[in-house]
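Remarks on the structure that follows.
Laboratory data are not the source of any read-out in this text; all were calculated from the coordinates shown. What you see is a predicted model; the values in this text were computed from it and never measured. Please note: Cβ atoms are built from the backbone with ideal geometry, for glycine as well, and neighbour counts cover all protein chains shown.
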Amino acid sequence: MAQQIGFWDRLKLGWRVIVSAAFAAEITEALEQLERARSKRAEPPERLHASGLVLLAALQREGRLVDFLQQDAAGFSDEEIGAAARIVHGGCRKALRQFFEIKPATDGAEGSTITVAAGFDAQRIRLTGNVSGQPPFKGTLRHHGWIATEIRMPAISEALDPRVISPAEVELA
Amino acid sequence: MAKRVVGIDLGTTNCAMSWHDLNDALGEVVPIPQLTAPGIVEERPLLPSFLYLAKEDEFPAGALDTPWEKKATYAAGEFARGHGAKVPTRLIASAKSWLSHTGVDRTAALLPWQAPAEVSRLSPVDASSRYLMHLAGAWKASQNTALDSEDIILTVPASFDAAARELTMKAASQAGLHNVTLLEEPQAALYAWLEKSGDRFRKQVNVGDVILVVDVGGGTTDFSLIAVTEQDGALQLTRLAVGDHILLGGDNMDLTLAHHLAQEKNLDPWQFTALTHGCREAKERLFASSRLTKVPISIPGRGSALLGSTIKVELNREDVTRILVDGFMPEVPVTGLPQTARRAGLTQLGLPYAQDPGITRHLAAFLTRQSRIAEGRAFVHPTAILFNGGVLKASALRERVVAVVNDWLANDSGAPVKELAGADLDHAVARGAAYYGWVRHGHGIRIRGGTARSYYVGVESAMPAVPGFVPPVKALCVAPFGMEEGTQADIPPQEFALVVGEPTVFRFFASSVRREDRVGDMIDDVARNDELEEVAPIETALNGEPGKLVPVNLQAAVTEVGTLELRCLEKGGPGRWMLEMNVRSREE
């Protein structure tokens, strides 16, 4: 079968022929960027968000989180929910610590008064209450926030479908 | 780049790896990438010593691959352990204990022991070599050099005899590792302590001290005695004695707790495994915090419904104290020897697990058995104690051992022992091994000791044949206790003649207590001497004219890497033959 020259390649070729080399390079770069963006968009969502699915699978594997959330809790006693919550808490906590190092976003004890300096990081610190005037602000630390200081996502094999959060288990006699 | 030494702890239940730089005395534990689920490779500080042999098409293609091995048909580590609990017939565990099991052919494809016929089994040597291959891959992935280009110190239990050490070397060479030196685990633990203590160690031990190393791992318990001596004004450490291989450890404790809690509960095997894991965690929490009186354990059902199918049990402090502290570390007199209920008739072949769970009883047996170094007392008096192994992170267990030993000492008018504060108990052996590599290059203090056993070949007594009477076998000492690495011993001329053209087999014995025997000493009647244990037979086949007799001398050598070699030298001729240990099943 004869090799087909794609539309973008033909366009690039055309540009190279009719304009100066430097300008052609600039245009080509822009076109390639466009193409990269297109192919990224073309990636299926489970590949694009594979690490999120892997995290979900780990929370299920270690702490049965998906089982827990998928079940209707209405008909169960606090005692039963408590027993199950221990599995979820113990397992998910272990998984969380394997994937991330998590630390409070601010220093200081909750309930204490802290000073928010000018030029503060508005993503790490959220002001509530009477938000007015000029920094530095003084306020009570209600929640110290959380920051992932280290992220250790595992290597994921290309051979596997990340949509499988948990396989069905069939026990052979 | 500076040369490094790598310490490898090839454990019964967990492997660890650490390195030490030869120039600036720095070292670090190496994280080990491993499968934690199909297709997911994550780093962990330890590699669980479990191997899962997958069925064809059991997992999608590539699901068991690691960065260094494609198209893998097996998994090692965390996923192998977890999935193997649900498919026990394809799981290899405790390969290391099989390496030292004299009742089976250790080079035969035996494992998994209960596998169906379609599984292609591995020998204990192959399985050990797979773990080493995994560690080599992990090293390459994180350090970008080949593991074999570094010096490697591989640890073995002090209780491993010459044959088990030889097999460990074989596993290493199968894994492509050649610059390997062996080190006993309790010594490695002491090296880790020396590294951690630095120069302060001289303040903590003095000449005349006898350090008892108590190493309780996941599957095995190992004891060693190391003396602090002085030579030319410098402190020296000398390994005095090692104990027998005891298949008893932390896993037994978790199982015992699980059996206790599972009473009157209807658990399937998978839930029982979950309960065992739960018991381990609950036990660790109870030991870690004296304020806790009980820890709840939830066991999930196997289906997707978690609510309503979860079984809740509680582990309380009294149970842990009664079952673990009193059960495994009972307060016994030093004369309280382990019970060895002799199993009558047919015994299922399998690992020779210790029948008495009382670790303190095994310790009493060890200290009293070494009567030759007890200086006239009822048992060897240790003056210091160093703990190793993850189980002994629990201070309640350490305190009990110290209390029991002090009780023995007090009754024999001895002074109490001091506890040497150990390092990170999970990684001490690997770290200590790497540190030993550095010591071998002329730094720090080295533990001397040589062979932990004396070795003997069996010689049949020449006597007229009497029907129904087996002629007694005498034992000729070929390697004395404490023979150092890199030395050899010529055995005084004996009338040995080898038959050419057919295999010659010698029975081979070892003793961990007979320290006084010199090369050439003969011990009468092996069968009546309980100080000798039979190791694997040794054999050689000499080429030449069949039927001809060649008079020979025997020679023993301890190699630099720590294995024992036996040779036959032709009397007045150039002939030289190696005797090889036959680790196939011992004939009774």
| task | Determine the dipole magnitude for segment B:163-215: charges of +1 sit on the beta-carbon of Lys and Arg, -1 on that of Asp and Glu, nothing else is charged, the reference point is the Cα centre, and the result goes in debye to the nearest 20. | result | 140 debye
| task | Output ³J(HN,Hα) for segment B:432-449: one whole-Hz value per residue in order, computed from phi by the Karplus curve 6.51 cos²θ - 1.76 cosθ + 1.60 with θ = phi - 60°, and x for Gly and Pro. | result | x, 5, 5, 5, 4, x, 5, 4, 4, 8, x, 9, x, 10, 10, 8, 8, x
| request: Compute the label zone of residue B:375 within segment B:399-437: residues whose backbone N is under 16 Å from the point 7 Å along Cα-to-Cβ. | output: B:409-410, B:412-418
| query | Using just the C-alpha positions of the protein assembly as shown as equal point scatterers, what log10 of I(q)/I(0) does the Debye formula give at each q in 0.09, 0.11 1/Å? | reply | -0.97, -1.33
| message | Shape verdict for segment B:454-581, please, from the Cα gyration tensor: rounded (a/c under 1.5), prolate (a/b greater than b/c) or oblate. | response | oblate
| query | For labels at residue B:525 and residue A:105 in the simple 7 Å Cα→Cβ model, what's the distance in nm? | reply | 8.5 nm
| field | Three-way shape label, segment B:230-273, alpha-carbon gyration tensor, a/c 1.5 | value | prolate
| request: Give the shape of segment B:4-183 as rounded, prolate or oblate, defined through the alpha-carbon gyration tensor: a ≥ b ≥ c are the square roots of its eigenvalues, a/c under 1.5 means rounded, and otherwise the shape is prolate if a/b is larger than b/c and oblate if not. | output: oblate
| request: Amide H neighbours of residue B:536 under 5 Å, at least 5 residues apart or on other chains, H built in the peptide plane: list them. | output: B:163
| query | Can you put A:92, B:279 in order, fewest other beta carbons within 10 Å first? | reply | A:92, B:279
| Span from the segment B:215-236 Cα centroid across to the segment B:45-72 one, whole angstrom | 39 Å
| Relative contact order %, chain B, counting alpha carbon pairs below 8 Å whose residues are six or more apart | 14 percent
| query | Looking at the protein assembly as shown, what % of its DSSP beta bridges pair antiparallel, to the nearest 5? | reply | 85 percent
| said: Test of understanding: ordering B:238, B:335 by Cβ neighbours within 10 Å, fewest first, what list do you get? | reply: B:335, B:238
| field | Note, ³J(HN,Hα) from phi for segment B:149-164, Karplus 6.51, -1.76, 1.60, rounded to Hz, x at Gly and Pro | value | 7, 9, 6, 10, 10, 10, 8, 10, x, 4, 7, 5, 7, 4, 5, 5
| said: Taking θ = phi - 60°, what integer Hz values does the Karplus form 6.51 cos²θ - 1.76 cosθ + 1.60 yield along segment B:325-339, in sequence order, with x for Gly and Pro? | reply: 5, 6, x, 9, 10, x, 7, 10, x, 5, 8, x, 7, x, 7
| said: At a 10 Å Cβ-Cβ cut-off, how would you order B:126, B:148, fewest neighbours first? | reply: B:148, B:126
| Non-local amide H neighbours of residue B:156 (under 5 Å, H modeled in plane, Pro and chain starts lacking H): which ones? | B:183, B:184, B:185
| request: May I have the convex hull volume per residue, in Å³, for the Cα set of chain B? | output: 194 Å³
| message | Stokes-Einstein diffusion coefficient for segment B:250-328 at 20 °C in a medium of 1.002 mPa s, Rh from the Kirkwood formula over Cα pairs: what value in µm²/s? | response | 167 µm²/s
| Cα-Cα over 23 Å: which of B:86/B:140; B:170/B:196; A:94/B:312; B:283/B:418? | B:86/B:140; B:170/B:196; B:283/B:418
| remark: Full extension between residue A:97 and residue A:161 adds, at 0.36 nm per residue less the Cα distance, a length in nm of 20.6 nm
| field | Net charge dipole size for segment B:250-328 [Lys, Arg +1 and Asp, Glu -1 on Cβ; Debye, nearest 20] | value | 240 debye
| said: I'd like the distance separating the alpha-carbon centroids of segment B:145-180 and segment B:241-256, in whole Å. | reply: 23 Å
| Relative to a virtual label point 7 Å from the Cα of residue A:117 in the Cα→beta-carbon direction, which members of segment A:123-157 show backbone nitrogen distances below 13 Å? | A:136-137
| request: Pull up the cross-link candidates among the lysines for residue B:571, meaning alpha carbon to alpha carbon under 20 Å and not fewer than 8 places away within one chain. | output: B:548
| task | Sum -39500 (n - 2.57) across every DSSP H segment of at least 4 residues in chain B, then divide by the residue count to get the 222 nm mean residue ellipticity, nearest 500. | result | -7000 deg cm²/dmol
